[in-house]
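Enquirer: Below is a structure I'd like to ask you about.
Any read-out appearing in this document is the output of simple, stated calculations on the displayed coordinates, not a laboratory observation. Predicted, not measured: the structure shown is a model, and the values here were computed from it. Note that we place each Cβ from the backbone using ideal geometry, even for glycine, and neighbour counts take in every protein chain shown.
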Amino acid sequence: MTYFGVRYAPAPWHYPIVMTAITTPIVTMAGAIAGAVRLVREPLQGELRGLRERWEDQGFRRRALGALMGWALLVNFTLNSLPGTPKYNGLRLFQPVFPLIALFAGVGIGWLARALQAKPAQRLEGDRRLLRLLPALVVIVAIALPLRDLLSYHPHQLSYYNQLIGGLLGAARAGMEPTYWGETYLDGALWLNEHAPQGAVAWIEPAGVEATMRMYQSLGLLRADIRTVAGPEALAQADYAIFQNKSTEFTDISRGLLATRDPCAAVDEHGVPLLYVFCMTDGGDVQ
């Protein structure tokens with residue numbers, strides 16, 4: 001995999017932490033930090049001597065919940081940061097951290113909503129309706145902003161990076177992988193349906209993804225007359241060459257295509273190509 005412009009196998013220990021920081025919506029991350037601080041500083045009712053008194057205290061129970069969630073987050077990050085733990089292909093290998101971040105964010109956003117409601121309570125005493133709506137407005141904004149970002153990447157949400165790294169374009173410039181899981185090959189299949197002549201042959205790289213294209217064909221997502229092939233020896237018979245923008249999967253063939261030809265089509269997201277389609281019947285040679 002490529003991480004900040006350097007090829008690793010596996011990635012450095014800090015990969016899970018950094019990737020979480022630059023792929024979680026900023027509003028969600030800020031809410032999670034606020035929620036963690038709030039749970040740690042949850043006020044207690046008084047001096048709690050016995051175990052029974054502690055569990056009857058709402059503040060203590062919230063602190064305990066925060067400690068449990070924080071411990072779970074720490075364990076997940078620690079295990080996924082160990083030298084022998086696989087670290088590659090985005091977030092999928094440490095996904096359990098995200099429900100925990102979401103829980104912290106819910107606490108933080110709820111606390112912010114209540115705090116904003118309490119602060120102007122005296123000034124807005126004459127407008128109780130606005131005061132009651134304020135928490136709902138905070139929650140709506142906290143949901144709407146990340147949702148807007150994710151929808152702007154549809155259907156390529158796996159390529160999402162937040163503003164800490166400058167979005168997908170900033171991530172690509174920093175040497176991060178813009179795509180990795182092969183979901184863009186469906187876009188390639190749909191492009192072939194619209195543009196490929198009858199009986200066209202499409203060369204697919206990496207070779208394992210050719211089975212995915214055949215699956216799309218069995219589901220009716222790729223025209224039945226289109227034939228897919230893979231492997232270096234099959235390129236000569238291909239009308240099209242299709243591969244994703246993942247440099248660690250590039251072979252001499254794909255690097256040669258990128259160096260000597262312009263793609264006849266590409267799947268772009270936020271100004272970054274995710275999938276290339278090369279037309280092979282124009283008489284050019286792959287160096």
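Enquirer: Net charge near GLY208, counting Lys/Arg +1 and Asp/Glu -1 over other residues with Cβ under 12 Å of its Cβ?
Expert: Value of the local net charge: -2.
Enquirer: Fewest first, what order do TRP203, TRP191 take by the number of other Cβ atoms within 10 Å?
Expert: TRP191, TRP203
Enquirer: Please give the FRET efficiency for SER247 paired with MET215, using the beta carbon to beta carbon distance and R0 = 25 Å, rounded to the nearest 0.05.
Expert: So the FRET efficiency works out to roughly 0.50.
Enquirer: Take the alpha-carbon centre of segment 1-38, take the same for segment 70-87, and report the distance between them in whole Å.
Expert: Cα centres, segment 1-38 to segment 70-87: 12 Å.
Enquirer: If you don't mind, there's one more thing I want to ask. Within 10 Å of each residue's Cβ, count the other Cβ atoms and sort ASP225, ASP187, ASP268 from fewest upward.
Expert: Values: ASP225 11, ASP187 21, ASP268 15.
Ordered by Cβ neighbours within 10 Å, fewest first: ASP225, ASP268, ASP187.
Enquirer: Same structure, new question: Just checking my list [x] 14.7; [y] 21.2; [z] 12.8 against mean projected area of the Cα convex hull in nm² computed from this structure; which label fits?
Expert: [y]
Enquirer: In what order do ILE22, ILE140 fall by count of nearby beta-carbon atoms within 10 Å, going from fewest to most?
Expert: Fewest-to-most Cβ neighbours within 10 Å comes out as ILE140, ILE22.
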